[in-house]
1. Does the protein assembly as shown come out rounded, prolate or oblate by the C-alpha gyration tensor, with a ≥ b ≥ c the root eigenvalues, rounded set by a/c under 1.5 and, if not, prolate when a/b is larger than b/c and oblate if not?
2. Could you work out, residue by residue across D:29-39, how many beta carbons of other chains sit within 10 Å of that residue's beta carbon, and then give the average as an integer?
3. What's the average, rounded to a whole number, of partner chain beta-carbon atoms within 10 Å of each residue's beta-carbon in B:104-110?
4. Is there a simple number for the mean count of other chain Cβ atoms within 10 Å of the Cβ of residues in E:8-19, and what is it?
5. Shape of chain F from its Cα gyration tensor (a ≥ b ≥ c, root eigenvalues): rounded if a/c is under 1.5, otherwise prolate when a/b > b/c, or oblate?
6. How many angstrom lie between the Cα centre of the stretch D:124-147 and the Cα centre of the stretch F:26-50?
7. I need the phi-derived Karplus couplings for the stretch E:33-41: 6.51 cos²θ - 1.76 cosθ + 1.60, θ = phi - 60°, integer Hz, Gly and Pro marked x.
8. Would you please state which residues of the stretch A:10-30 a label at F:Lys139 would reach in this model, taking the label point 7 Å out along Cα→Cβ and a backbone N cut-off of under 15 Å?
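All of the numbers you see were taken from the coordinates with simple rules; none came from a lab. Predicted model only: the values in this text are computed from it and were never measured. So basically every Cβ, Gly included, is an ideal-geometry build from the backbone, and we count neighbours across all protein chains shown.
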Number of protein chains: 6
Amino acid sequence: RKRPASGLLPVVEMTRRETFSAAHRLHTYKMNKAENAALYGKCNGLHGHGHNYVLKVTLRGPVSPKTGMLYNLTDLKEVIKTSILDVLDHKHLDKDVAFFKKRVSTTENVAVFCWHQLTTALGNDAFLLAKVFVGETEKNGFTFFGD
Amino acid sequence: RKRPASGLLPVVEMTRRETFSAAHRLHTYKMNKAENAALYGKCNGLHGHGHNYVLKVTLRGPVSPKTGMLYNLTDLKEVIKTSILDVLDHKHLDKDVAFFKKRVSTTENVAVFCWHQLTTALGNDAFLLAKVFVGETEKNGFTFFGD
Amino acid sequence: RKRPASGLLPVVEMTRRETFSAAHRLHTYKMNKAENAALYGKCNGLHGHGHNYVLKVTLRGPVSPKTGMLYNLTDLKEVIKTSILDVLDHKHLDKDVAFFKKRVSTTENVAVFCWHQLTTALGNDAFLLAKVFVGETEKNGFTFFGD
Amino acid sequence: RKRPASGLLPVVEMTRRETFSAAHRLHTYKMNKAENAALYGKCNGLHGHGHNYVLKVTLRGPVSPKTGMLYNLTDLKEVIKTSILDVLDHKHLDKDVAFFKKRVSTTENVAVFCWHQLTTALGNDAFLLAKVFVGETEKNGFTFFGD
Amino acid sequence: RKRPASGLLPVVEMTRRETFSAAHRLHTYKMNKAENAALYGKCNGLHGHGHNYVLKVTLRGPVSPKTGMLYNLTDLKEVIKTSILDVLDHKHLDKDVAFFKKRVSTTENVAVFCWHQLTTALGNDAFLLAKVFVGETEKNGFTFFGD
Amino acid sequence: RKRPASGLLPVVEMTRRETFSAAHRLHTYKMNKAENAALYGKCNGLHGHGHNYVLKVTLRGPVSPKTGMLYNLTDLKEVIKTSILDVLDHKHLDKDVAFFKKRVSTTENVAVFCWHQLTTALGNDAFLLAKVFVGETEKNGFTFFGD
């Protein structure tokens with residue numbers, strides 16, 4: 001790992017944690033009923049289930065010597081709210097969100113979705129986005145680095 | 001608060017924590033569409049949402065001088081599994097659970113439901129049940145004491 | 001513990017968790033400088049320190065058979081915001097809050113303050129207030145039951 | 001629930017959280033080998049296992065109008081350290097602690113042990129002790145109220 | 001950090017969290033009694049102590065466009081259970097696990113042990129293993145990346 | 001990611017978590033009053049506020065085959081105490097800590113400060129320092145890698 005060079009701005013990561021509550025069901029049109037049931041188990045239950053998802057958005061970049069900030073937290077909260085929380089919170093992922101019409105709503109895909117939403121909403125600052133973590137339970141979490 | 005009397009068995013409370021993931025929607029047939037929307041807000045969203053519910057079951061009673069236990073934890077885990085987790089986990093409360101066909105699935109009512117399930121499953125030991133806590137998010141939780 | 005009587009409404013407790021960040025210093029005019037330093041130790045530091053306080057407000061009452069709710073959570077959030085968070089969050093307890101001009105800002109007193117603020121804001125529903133918990137660190141917390 | 005009478009001191013509960021790490025094995029001389037294995041299951045493993053126990057000590061009493069405190073936290077920390085942590089932390093409950101020579105080291109009994117240690121250490125202030133919680137895992141906890 | 005190339009599968013990390021409870025003692029035959037006591041302090045206590053260890057297993061790889069999954073969680077849970085939990089949970093690390101007969105049971109070494117167990121159990125999928133975290137208390141944790 | 005080479009010592013990361021409570025105010029002499037208020041919002045409140053900061057210090061290096069340790073945890077605790085906790089805990093960052101006389105006390109800068117304090121205190125072992133995380137609330141955290 002590289003050490004700090006004198007005269008350069010320090011580079012930090014900032015992580016903002018939010019939560020949202022949504023319903024979903026793991027079921028893909030690419031497999032038949034029995035295959036879906038076998039692969040997804042209880043997550044394939046007919047009427048769906050739901051989670052309190054944990055979202056952690058991480059930016060990485062230099063600290064401004066004037067403001068002492070990497071990115072204004074007030075702005076980041078607004079970006080997360082409009083691009084993710086307003087779209088996913090208290091919704092049914094499969095029925096309410098177009099992205100999941102053709103993609104199964106695994107948390108892997110939810111993390112990828114959140115990355116795309118954030119890069120769009122961040123605009124010129126999208127290069128600062130370092131990773132997006134989405135936890136579906138206390139035990140299972142997924143991170144997408146944009147790779 | 002009363003102090004321990006010599007010669008009596010110590011009385012303790014034991015609490016077991018579990019989680020389950022379920023979908024639901026707040027909507028009651030006792031009100032019209034506009035009233036439901038006004039009262040329940042985003043929790044009334046058409047396609048529902050979901051939570052990772054936290055369940056805490058508390059028993060209260062004397063400690064056996066032979067076993068050092070209030071109640072065998074292995075038995076309590078089985079009671080909770082068959083009477084609550086098998087019924088609610090990875091289900092849609094309103095569509096999969098008969099209790100909520102006629103009752104709105106507020107967490108208040110989920111706590112009451114869990115109490116009834118536990119007292120039935122505990123049988124002759126039901127008098128040990130002291131309280132049931134159900135948390136719907138990190139911020140909101142409800143406790144029913146059987147009162 | 002009393003068991004539920006048939007025909008009566010179930011009585012539940014609901015708890016809402018919030019946080020606020022504030023500065024304060026433990027120092028009372030009722031003691032001299034040396035006594036303050038001896039009693040409060042590092043909490044008596046000249047320029048003060050601060051905490052992320054955890055607030056848990058608990059109501060207790062019957063569940064409405066119509067709405068399935070003890071109290072509308074949206075209303076409770078507003079009550080907590082206007083009566084506590086708007087007054088204490090990102091403030092200096094001793095310098096910004098009149099209640100602590102004459103009272104030392106121990107967390108015991110913060111809990112009592114929150115109770116008084118809530119009973120006023122709840123108005124006719126104040127009888128539902130069961131307890132207020134205020135945590136000052138991960139290790140120390142205080143509860144006031146209005147007694 | 002009784003409401004505060006004017007002129008009386010407010011009564012609060014204060015809770016201090018600590019942790020300690022210890023080994024133990026569930027095995028009682030009051031049963032034979034097969035009975036122990038059947039009752040305690042994996043907790044009866046020959047060489048023992050261990051836990052990071054969580055301890056929560058709760059005092060209940062009036063707030064001093066002079067100091068704003070129920071009990072000096074510095075003193076409570078010292079009481080807990082000398083009477084519990086120094087005795088149980090990084091120890092083998094069954095082999096290092098006399099109390100468990102004749103009593104099986106269930107967490108029920110650990111909670112009762114902690115209560116006795118605290119009442120002795122608190123001396124004249126022992127009447128303030130309201131409850132002792134001991135958690136053995138994230139899922140199982142036990143509370144003793146001195147009853 | 002590299003950005004996603006169009007047409008490539010998204011690469012994510014998935015982390016599964018488990019816990020296990022075990023006893024152990026820090027003591028190595030490579031040092032004498034006094035040296036062991038000096039180096040390991042209270043962790044060298046004669047009869048050992050124990051922990052609720054937290055285990056986090058992280059896989060890294062592409063998301064299948066068919067299943068939306070990096071790796072089937074049901075399979076990962078089984079891999080972790082048979083290769084780690086069945087071996088370490090409710091055991092004495094030094095007495096019950098061959099790996100620690102010749103190696104001191106520091107959490108550094110526990111993390112390395114878990115990595116080796118997982119790579120064996122994962123078989124042809126071992127290349128997916130990205131890191132293993134083992135926490136021994138709420139304050140101390142160790143991560144092994146296979147380096 | 002590179003795989004372990006036979007014959008080399010395993011390289012691990014160890015993370016120690018601590019907390020400290022401090023007051024501060026976001027306000028920089030590089031902007032006027034209105035600009036400070038606009039940029040920092042409620043964090044610019046005249047009398048300041050405070051936080052329970054969470055500190056996580058991560059070292060990275062080889063595990064000694066003799067001791068099984070990366071770095072003695074007792075030593076790391078002492079390093080953190082003298083270089084960070086004694087300087088920041090129960091202090092006002094802006095008024096008590098020279099580093100923040102000329103730098104605004106954003107958590108970005110607190111993380112950078114902690115890094116510098118640790119590298120000095122670690123002396124010849126400073127190359128082991130991998131990252132420093134400082135959380136200001138449950139929702140916002142910042143990491144500095146020395147870059």
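1. Cα axes put the protein assembly as shown in the rounded bin.
2. Details: counts 0, 4, 2, 0, 0, 0, 1, 1, 0, 0, 6.
That works out to 1 on average.
3. Details: counts 6, 1, 9, 6, 13, 6, 1.
Average neighbour count from other chains, rounded to a whole number: 6.
4. Values: counts 1, 1, 10, 7, 16, 10, 8, 7, 3, 6, 1, 5.
Mean partner-chain Cβ count within 10 Å for E:8-19: 6.
5. Details: a/c = 2.81, a/b = 2.27, b/c = 1.24.
Judged from the Cα gyration tensor, chain F comes out prolate (a/c at least 1.5, a/b above b/c).
6. The distance from the Cα centre of the stretch D:124-147 to that of the stretch F:26-50 comes to 45 Å.
7. 4, 5, 5, 4, 4, 5, 6, 9, x
8. From the stretch A:10-30, the list is A:15-21.
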